[in-house]
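Student: Below is the structure I would like to discuss, written out as structure tokens.
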Amino acid sequence: MKKKNSNRFPSDMVKKGKERAPHRSLFFATGMRREDFSKPFIGICNSYESFVPGHCHLNGVGEWLKKCIVEAGGVPMEFNTIAVCDGIAMAHEGMKYSLPSRELIADSVESVAKAHCFDAMICVPNCDKIVPGMLIGALRVNIPAIFASGGPMAPGRHPLRDGDADLNTVFEAVAEENTGRIGEDDLRKVEEAACPGCGSCSGMFTANSMNCLYEALGIALPGNGTILATDPARREMWRRAAFRIVEMAKKGGPLPRELVTKESLDNALTLDMAMGGSTNTVLHTLAIAREADVDYSLERMNEISARTPYICKLAPSGHYHVSDLDRAGGIMAVLKRLPKKLLNLKAKTVSGKTLGAQIAAAEIKDDDVIRRLPDAYSKDGGLAVLWGNLAERGAVVKKGGVALSMMKFTGKAICFDSQEAACEGILGGKVKPGHVVVIRYEGPKGGPGMQEMLAPTSYIIGAGLGESVALVTDGRFSGATHGACVGHVSPEAAEGGLIGLLKNGDRITVDIPARSISADISKKEIAERRRKFKARPPKIRTGWLSRYAAFVGNASTGASLKP
């Protein structure tokens, strides 16, 4: 008969019994005491880096969490992951490393947590790929985990006009200066005012979108997505997370795979549609679902979008920022405004309460930030998935950031085979009203790395072309992107997708209400172009990106690495 495992904690594997004397000796070297071996080992997965605005304060957060975990009766064990700042990596080769970094982060979390037998883990991400990367890793090790992000940045004040400013404001100001709409001194003033301090960029960009979604997913405490990085209330939230994770370690759950279910993913995507979050949330939730062994699809996301009213419009689609949403009641208040039938209220959360109980405790404090249902911006959600001959496996658009005049647009293709070429073309005046800018060979495999396109989309807006030019790409967008910009076109050009066969002058129609995107090319002509098509050699043949390109899957399944 197989002997039942008598370990109280997983960490007993490295701290209990005579044969673990060498392990204990190493722990003693770090300052641990013998009485600590009876306590749960709590991993602190921190993404501190001194040069990334969203993460530059997280060393202090790690120290605070360690103190709180000790006070709660646990043993803190801090380690770090990498963190790529998409803003700094933008518009040069460094952006190719951003999405692939998600996989490196997941692998590192899995490696450290498994090697050192943590009993539970508190994850401290903040920006972009770090948030999903940590959760993918947590799903693999499947020990109790709480996400407690670093918090959003406050918006800056625009020095040239009345209103707030953020990183997207600076990108658009570059195009404004290029076209003579503002001067060089004005651009300097904007760049100095837009980002006033630490935290993830202040709008509903990718980082804040994901940190907000984690509240609805049940893997983070209320306030995780909206309390400012510098607000004392966030320090108290970190403290609550520390005490709760020690309690979860002692109870053995709930576990990440118990929390990330089809029902909780529906809750997260419902929130996403109600707020019009970043298009990157589509990639990341698909990858998270895949890691959790949950069958989830783009079609399901469109179904959720069709039934979810768009009630909270934040920058870049609106003038409010995440700090305004926090003032208005936060994520639970947004969910409280939605019809109850849209949510799975019995879903479990890391707080120990159901999502429904958390929503019931929320208060809606501003009916303009969180609109009443009759005043919703639209009856359906802020994101949409499009299909057609140009995107047989789907494409994604932030519908909430598209002007009404551009909801249906037909124009002539002007094709660029890289983001850099597109930026040069836009700033050089090659793009005219009536064009559909096509940026290809920037998908997960073809890029490689599926670069974000904040620079070209911002240049289009800054050049005053936002309501006369559309953009289509097999790459992806920053959460700061707005306008008629369709990304994640699948199959990508490097896979032989139609986007790679387009020629200048081809007519393209983007019809967002009909959820379609198509090129006006006959099947016969497509077949002839495909017959003449020659696959391009990989752009990068060495290092991590060459391995990534060889193993990465399609954007329609989250751009995850294939087994």
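The values are calculated or read from the model by the stated rules, or taken from the named source; none is laboratory data. Note that the structure is a prediction, hence the values are computed from the model and not measured. No Cβ is skipped: glycine too gets one built from the backbone with ideal geometry, and neighbour counts run over all protein chains shown. In case anyone asks, the SASA skips ligands and DNA or RNA and just uses the protein heavy atoms, side chains included. Shrake-Rupley method; radii C 1.70, N 1.55, O 1.52, S 1.80 Å.
Student: Given R₀ = 30 Å, FRET efficiency for Ala550-Lys523 by Cβ-Cβ distance, to 0.05? Walk me through the numbers on the way to the answer.
Tutor: Numbers: r = 32 Å, r/R0 = 1.06.
E(calc), rounded to 0.05, equals 0.40.
Student: Past 23 Å, Cα to Cα, is the threshold; run Lys340/Lys379; Lys313/Lys336; Lys250/Lys340; Lys251/Lys346 against it and keep the listed order.
Tutor: Listed pairs above 23 Å: Lys250/Lys340.
Student: What does the highest-first list of 61-69, 472-480 look like by mean Cβ count within 10 Å?
Tutor: Descending packing order for the listed peptides: 472-480, 61-69.
Student: Would you rank Phe243, Phe27, Phe118, Phe551 by solvent-accessible area, highest first, keeping every protein chain in place and using a 1.4 Å probe?
Tutor: Phe551, Phe243, Phe27, Phe118
Student: Summarise the accessible area of the range 157-266 (1.4 Å probe, protein heavy atoms) by the percent that is carbon and sulfur.
Tutor: The nonpolar share, carbon plus sulfur, comes to 47 percent.
Student: Let me ask another. Specify which labelled value, from (i) 23.6, 81; (ii) 38.8, 158; (iii) 22.6, 72, agrees with Rg and Dmax of the Cα atoms in Å derived from the coordinates of the model shown.
Tutor: After the calculation, the listed value that fits is (i).
Student: I need the helices of the chain that pass two filters: whole DSSP H segments spanning 18 Å or more by Cα along the axis, and mean Kyte-Doolittle score no lower than 0.0. Spell out each step's value before the answer.
Tutor: Working: long enough: 58-72 (20 Å, 0.32); 98-116 (27 Å, -0.05); 232-251 (29 Å, -0.86); 262-275 (20 Å, -0.04).
Answer set is 58-72.
Student: Right, something else. Please list, short to long, the whole-number percent of alpha-carbon pairs of the range 275-320 in consecutive 5 angstrom bins beginning at zero.
Tutor: 5, 19, 22, 22, 17, 10, 4, 1
Student: At Glu236 and Val70, where each label point lies 7 Å from the Cα along Cα→Cβ, what is the point-to-point distance in nanometres?
Tutor: According to this spin-label approximation, the distance is 2.4 nm.
Student: Over what distance in Å are the Cα centres of the range 247-307 and the range 76-146 separated?
Tutor: If we compute the Cα centre of each part, the gap is 18 Å.
Student: Can you compute the charge dipole magnitude of the chain about its Cα centre, using +1 on each Lys and Arg Cβ and -1 on each Asp and Glu Cβ, nothing else charged? Give it in debye, rounded to the nearest 20. Present the calculation step by step, with values, prior to reporting the outcome.
Tutor: Details: 74 positive and 62 negative charges, 483 e Å.
The dipole of the chain has a size of about 2320 debye.
Student: Karplus couplings for the range 464-479 from phi (6.51 cos²θ - 1.76 cosθ + 1.60, θ = phi - 60°), rounded to Hz, Gly and Pro as x?
Tutor: Those phi angles translate into x, 9, x, 10, 9, 9, 10, 9, 10, 8, 8, x, 9, 10, 5, x Hz.
Student: Express in whole angstrom the spacing between the alpha-carbon centres of the range 176-220 and the range 322-368.
Tutor: Using only Cα atoms to place each centre, the spacing works out to 25 Å.
Student: Which value does Rg/Rh take for the range 406-472 over its C-alpha atoms, Rh per Kirkwood?
Tutor: Value, to two decimals: 0.96.
Student: With viscosity set to 0.692 mPa s and temperature to 37 °C, compute the Stokes-Einstein D of the range 308-433, Rh being the Kirkwood radius across alpha carbon pairs; µm²/s, no decimals.
Tutor: Taking Rh from Cα pairs, D becomes 185 µm²/s.
Student: Leaving out ligands and nucleic acids, and using a 1.4 Å probe, what accessible area per residue does the chain come to in Å²?
Tutor: So the chain comes to 38 Å² accessible per residue, rounded to a whole number.
Student: Based on Cα positions only, what radius of gyration and what Dmax would you give for the range 54-197, in angstroms?
Tutor: 19.2, 61
Student: Cut-off under 17 Å on the C-alpha distance; same-chain residues fewer than 8 positions from Lys562 excluded. Which lysines are left, in chain and number order?
Tutor: Those lysines meeting the cut-off are Lys445.
Student: Which number do you get for Rg(Cα) / (2.2 N^0.38 Å) in the range 197-298?
Tutor: Working: Rg = 14.4 Å, N = 102, 2.2 N^0.38 = 12.8 Å.
The reported ratio for this selection is 1.13.
Student: Direction-averaged shadow area of the convex hull around the Cα atoms of the range 1-126, nm²?
Tutor: With the hull built on Cα positions only, its mean projection is 10.0 nm².
Student: At a 1.4 Å probe, what is the % contribution of carbon and sulfur to the accessible area of the range 315-379?
Tutor: 49
Student: Give the residue list of chymotrypsin sites (Phe, Trp or Tyr not before Pro) in the range 264-370 that are DSSP loop and have at most 16 other beta-carbon atoms within 10 angstrom.
Tutor: When the chymotrypsin sites (Phe, Trp or Tyr not before Pro) of the range 264-370 are filtered for loop state and at most 16 Cβ neighbours within 10 Å, nothing remains.
Student: Given a 1.4 angstrom probe, I'd like the percentage of the accessible area of the range 391-504 that is carbon and sulfur, rounded to a whole number.
Tutor: Numbers: 1520 of 3000 Å².
Percent of accessible area from carbon and sulfur atoms in the range 391-504: 51.
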